[in-house]
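Reading through the structure tokens given below for one structure.
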Amino acid sequence: MTDDYEHYEAVVVGAGPGGAAAAATLARNGIETLVLERGVDAGSKNVSGGLLYAEESSPYTIDDLFPGFREEASDREVTEHYIHNIAGRNVKTFDLHDLHHHDTEWADSVLRRKMDSWLAREVHEMTRETGGGLLTEVRVNGLLREGAEIVGVTLDELDPIKADVIIGADGVNSELARDAGLMDWEEPDEWFQGVKAVAQMPEGAIEERFDVDEDEGVAHLFSGDLFENVRGGGFLYTNDQSLSIGTVFHLDSIADQRAEPQELLDNLLTHPLLADWIGDEYTELEYSAKLVPDSKKVAHPSPYRDRLLLVGDAAGQMQAQGPIIKGMNHAVTAGALAAEAFVDAKSRGDTSAAGERYVTKLENEGVMDKLRPTRYRTLGRLGEVGPVASAMNAVTDSVVGRTAISALGDRAESLFNSPFLMGMLPDTRMGYVTVPTVVAEQLGSPVEGESTVEPPELDDRIGDLTYDVDEGNPHIELRDNSFAASGTAVTACPVSAKDFGGGCYRDEYVGSNGTEEHVVSLDTQPCVECGTCAVVADTNWTHPRGGKGVEYEQG
Amino acid sequence: MHSVVLTKGVPDFREGQVSFDEDGHLERGKTPTVMNPNDRHALRAALQTKVRKGGTVSLMSMGPPGYMEVLQEGMRDVYADDLYLLSDREMGAADTWATAMTVATGIQKLDDPPDLVFAGFKTADGETGHTGPQTEWCLDMPLVTHVISLDIDDDEGVLRAKRLVEGDVEEIETVEAPLPAFVVADPEFEPTYRKAEHRLKHKDLREQTRERAAEFGEYLDDDSDLDVAEYDRFTMWDHTALNLDPDFIGLDGSPTIVAGVDPIPKAPSEREATMVDPDDEGAMERVVDELAPYAAGD
């Protein structure tokens, strides 16, 4: 009964910034647009570190598309930007002013529930006028095909829907991208994992402790030896009335080192450098986690198949190069370009050309080169080759390297401010751990004072989250429960830990026929839907049904 | 498609709302009046019809003026469009028969005759389940009870419904009836919206009806100068407006004789409770010992 299927000109899957940008652009061009969001509210499934950029070189920024965005949906304009190189108590701080302001029109801290929820209201109003609209609590679970061709989407809550274009903006764990064969969950080294705590701040405390006005904010980045040699770093952003404090690590490093992400976050939270900022009363509003694609490796050069165009995290469009961390702005640009591509293709009478046009636009507008810089491809990757990486690491840590860094002195700051250099940093221990540690040891000075912060235990963090559990209908299935296949999830999952019984994954020994097997069991109830276990364990991974699962209030 | 939904105000029996005196009698004055919970299912069935097929939903009740707030609740929560209250002293103390006579007359007086009349399954206070079917008898429509899902075929002028046979959730039959028809929604009734278009319309209606209910609320506000009689979506009819003889309605028109009332005895508190400190390991062991035989199935 194919004829009974509903049809919309455009279906946008996911109401994050990428989906919102696409939907707004489609609606402005009079395209009948339906937006489908699986959360109870837009933003309830979304987490980001929390810095949203508007780039001067970008053809679209979020406030172009949504006038009033900065007043209504974002938190503070980030006016200062620092990186702290840490070795024990020794800290050497560089002002990243130049790097931060390079190509930056503005950068605001954001909390996703507030931001996406506002965007969704705007989008619903705009798309409703086209005959479409925005629906929450509906989960798109796959692609509708006629023969081999993608013609629409299938859903848990609704009958299949056909469309002339499908914008897949369904995030880092995009089920559409997997269904279309454009992305996979195979290699841990293609991903980062971020965890974040949102800490409540008393009225006026941000202004006082960070020495900023009400309309100013600060971004702090942290790297060095405080993360137990796991490759990655930390951040702290000032929101209106809270701090976003988080860590982002290469997933392969977390997996190989059996690191506990929540403990690495706690290392940052309890470092004496943060003591004065956080204050004596630490109130954690929310703990959250998210997988982040490494665009250098996975930004899809041709993110479309038939009528399906992927934007944002779903297409791997997340730029993380050293201290440059930009995701949402690229999703916004890509969303608008995908919409533009469809509008162009339609006006020329061939909507099937939208995908190709989208790829051309991503290249012509310079988006692809930001996501996969040519100089990284040639130089950075070389630095990741085993022997080369070890050699560079050894040199940096040697007398020669240390002397060189000491000789650089404060000129090192200017090197950190070079977008060119940062774009070709190899993703090795050298960049994340060795250089910052040596810099701190050679150039830094010790911080005074002690931290009184006591981060909550994992079970309290889980207990404070809101869930609507889909009883009897777990959304993740363990395909292989042997410890060898899936054991990494016990530590890498941000809501599981070794010797903690209340998380998603736990390991146990099961005896049968006189032999003892080391196995893993899974309880999806505390799942935060980050997707880590899809990569590090052997699972059938899907999102919960519409409206079910975790509901972030901060995001 | 015009649907009429019947509702009644009942004491709010929810924990924390309801109040009983020492003898176990309901304290009517201390217990708020709310829309009969089962009537929500009837309203949801009517709303589903409106979303899928268009048209309007009228909500009708017989009772004192205080029921205006019950009607407002139906407007706010389940999106009723027009509200009707049949109210005067002559209608008071009616049994189900006299109520059915009055309500059926109210329905017949509507300018736009309904395609569907919906009632809920039993009221939370009377629990008879009579008023709906007796109203249907007065209206002489086909009656479909225990409806759990509903589809209207307006081309054919019929409804198709799934209903529980004898109210049994294990046994479901599909029936068809010509319109206009009278539907009693079962508490198991679940509206389904499998099309995006329907969910979008539902979302539009939510916005519209919230505004409308707030507007009606301004008329109901004691401090307001607005006269509720002026509100165009609310109509109140007394027995003269309905052209009903007082001898056939209210207490005088009620053939039911209540032989007596037996209060339901309070449950005797025979069980003993022992407080256990969860940090006291010895005590926890005794709890486990106590429960072990039950766990073993003894």
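The values are calculated or read from the model by the stated rules, or taken from the named source; none is laboratory data. Worth saying up front: this structure is predicted, and the values here are computed from it rather than measured. Note: ideal-geometry Cβ built from the backbone for every residue, glycine included; neighbour counts use all protein chains shown. SASA here: full protein model, heavy atoms, side chains in, ligands and nucleic acids out. Shrake-Rupley method; radii C 1.70, N 1.55, O 1.52, S 1.80 Å.
Net charge within 14 Å of B:Q17 by Cβ-Cβ distance, Lys/Arg positive one each and Asp/Glu negative one each, not counting B:Q17 itself? Working shown, then result.
Details: positive: B:R14, B:R28, B:K30; negative: B:D12, B:E15, B:E27, B:E73, B:D125.
Neighbour charge sum, excluding B:Q17 itself: -2.
With both bridge residues required to lie in the range B:2-248, what share of the DSSP beta bridges run antiparallel, to the nearest 5%?
On the way: 17 of 43 bridges.
Expressed as a percentage, antiparallel bridges in the range B:2-248 total about 40.
Tell me which lysines have Cα within less than 28 Å of A:K162's Cα, excluding those fewer than 8 residues away on the same chain?
A:K45, A:K346, A:K361, A:K548, B:K50, B:K53, B:K195, B:K201, B:K203
Mean residue ellipticity at 222 nm from the helices of chain B, using -39,500 (n - 2.57) per DSSP H segment of n ≥ 4 over the full residue count, to the nearest 500 deg cm²/dmol? Mind dumping the intermediate values first?
Numbers: 6 runs with 89 residues, N = 298.
The helix contribution divided over chain B gives -10000 deg cm²/dmol.
In nanometres, what is the gap between the two model label sites at B:D289 and B:E272, each 7 Å from Cα along Cα-to-Cβ?
The answer from the label model is 1.5 nm.
Give the percent of DSSP beta bridges with both residues in the range A:1-136 that are antiparallel, rounded to the nearest 5. Spell out each step's value before the answer.
Working: 12 of 19 bridges.
Expressed as a percentage, antiparallel bridges in the range A:1-136 total about 65.
Tell me the relative contact order for chain A as a rounded percent, counting alpha carbon contacts under 8 Å between residues six or more apart. Don't skip to the answer; put the middle values down first.
Values: 1320 pairs, mean separation 112.5, N = 555.
Value for chain A: 20 percent.
Hey, any idea what % of chain B's accessible area is carbon plus sulfur with a 1.4 Å probe? Each step should come with its number before you reach the end.
Working: 8020 of 16980 Å².
It is 47 percent, rounded to a whole number.
Can you give me the C-alpha center-to-center distance between the range A:160-216 and the range A:317-388, rounded to a whole angstrom?
17 Å
Find out how many positive minus negative residues lie around A:C530, taking Lys and Arg as positive, Asp and Glu as negative, among other residues whose Cβ is under 13 Å from that of A:C530.
Numbers: positive: A:K45, A:K196, A:K290; negative: A:D313, A:E529.
Local net charge: +1.
Got a sec? Which residues of the range A:130-145 lose 40 Å² or more of accessible surface with every protein chain in place, vs. that chain alone, 1.4 Å probe?
Flagged in the range A:130-145: A:L135.
Ordered by residue, what ³J(HN,Hα) values in Hz, to whole numbers, does the range A:223-236 give under the Karplus form 6.51 cos²θ - 1.76 cosθ + 1.60, where θ = phi - 60° and Gly and Pro are x?
Along the range A:223-236, the couplings run 8, x, 9, 7, 10, 6, 6, 6, 6, x, x, x, 8, 9 Hz.
In square angstrom, what is the accessible area per residue of the protein assembly as shown with a 1.4 angstrom probe? Don't skip to the answer; put the middle values down first.
Working: 37550 Å² over 853 residues.
Accessible surface, normalised per residue, equals 44 Å².
Quick query: amide H of A:E55 versus all other amide H atoms, modeled in the peptide plane; which residues come in under 5 Å with a sequence gap of 5 or more or a different chain?
A:E105
On a 1.4 Å probe surface of the protein chains, which of A:D280, A:D252, A:D179 comes out largest in accessible area, and what is the full order?
Working: A:D280 130, A:D252 30, A:D179 55 Å².
Ranked from most to least accessible, the order is A:D280, A:D179, A:D252.
Say we join alpha carbon atoms closer than 10 Å with springs in a Gaussian network model of chain B; which of B:D280, B:D223, B:D154 then has the biggest fluctuation?
B:D280
At 1.4 Å probe size, with the rest of the protein present, what percent of the exposed accessible area of the range A:462-551 is carbon and sulfur atoms?
On the way: 1610 of 3930 Å².
So the carbon and sulfur contribution to the accessible surface is 41 percent.
I want to verify a result. In a Gaussian network model of chain B, Cα cutoff 10 Å, which of these has the top mean-square fluctuation: B:M75, B:M60, B:M236?
So, out of B:M75, B:M60, B:M236, the one fluctuating most is B:M236.
In whole angstrom, note down how far apart the Cα centers of the range A:126-156 and the range B:145-200 are.
27 Å
For the range A:388-398, what does the Karplus curve 6.51 cos²θ - 1.76 cosθ + 1.60, with θ = phi - 60°, yield as ³J(HN,Hα) per residue in whole Hz, taken in order and with x for Gly and Pro?
4, 4, 5, 4, 4, 4, 5, 4, 4, 7, 7
For B:K8, which lysines qualify as cross-link partners when the Cα separation must be under 17 Å and same-chain residues fewer than eight apart are set aside?
Reachable lysines: B:K122.
What does the net charge come to around A:E508 if you take all other residues with beta carbon closer than 13 Å to its beta carbon, with K and R at +1 and D and E at -1? Each step should come with its number before you reach the end.
On the way: positive: A:K498, A:R506; negative: A:D499, A:D507, A:E516, A:E517, A:D523.
Local net charge: -3.
With a/c under 1.5 counting as rounded, go ahead and sort the range B:2-248 into rounded, prolate or oblate using the C-alpha gyration tensor (a ≥ b ≥ c being the square roots of the eigenvalues; past the cut-off, prolate if a/b is larger than b/c, else oblate).
Working: a/c = 1.36, a/b = 1.24, b/c = 1.09.
Cα axes put the range B:2-248 in the rounded bin.
Below 15 Å, Cα to Cα, which aspartates and glutamates can A:K114 reach? Residues fewer than 8 away in the same chain don't count.
Here the aspartates and glutamates satisfying the reach criterion relative to A:K114 are A:D41, A:E71, A:E72, A:D75, A:E122, A:D240, A:E286, A:E551, A:E553.
Work out from phi, with θ = phi - 60° and the Karplus expression 6.51 cos²θ - 1.76 cosθ + 1.60, the ³J(HN,Hα) of each residue of the range A:260-271, listed in order in whole Hz, and give x for Gly and Pro.
Residue by residue, the range A:260-271 yields 9, x, 5, 6, 5, 4, 5, 4, 6, 4, 9, 5 Hz.
Keeping all protein chains in place and using 1.4 angstrom, which order do A:T351, B:T274 fall into by accessible surface area, from largest down? Kindly include the intermediate steps, with their values, before the conclusion.
Details: A:T351 50, B:T274 115 Å².
Descending accessible area places them as B:T274, A:T351.
At a probe radius of 1.4 Å, figure out the A/B buried accessible area, summed over both chains, and give it in Å² to the nearest 100. Walk me through the numbers on the way to the answer.
Details: alone 21110 and 17590 Å², together 37550 Å².
That pair of chains buries around 1200 Å² in total.
Tell me what chain A gives for mean residue ellipticity at 222 nm when only DSSP H runs of n ≥ 4 count, each as -39,500 (n - 2.57), the sum divided by the residue total, rounded to 500 deg cm²/dmol.
-8500 deg cm²/dmol
Could you let me know the centre-to-centre spacing of the range B:74-114 and the range B:210-235, using Cα atoms, in angstrom?
That distance is 19 Å.
Write out the trypsin sites (Lys or Arg not before Pro) in the range B:158-227 meeting two conditions: DSSP loop, and at most 14 other Cβ atoms within 10 Å of their Cβ.
On the way: sites: B:R160, B:K162, B:R163, B:R194, B:K195, B:R199, B:K201, B:K203, B:R206, B:R210, B:R212; in loops: B:R194, B:K195.
Loop-located and lightly packed - B:R194.
Where is the GNM fluctuation largest for chain B (alpha-carbon springs, 10 angstrom cutoff): B:E215, B:E15, B:E136?
Of B:E215, B:E15, B:E136, the most mobile in the Gaussian network model is B:E15.
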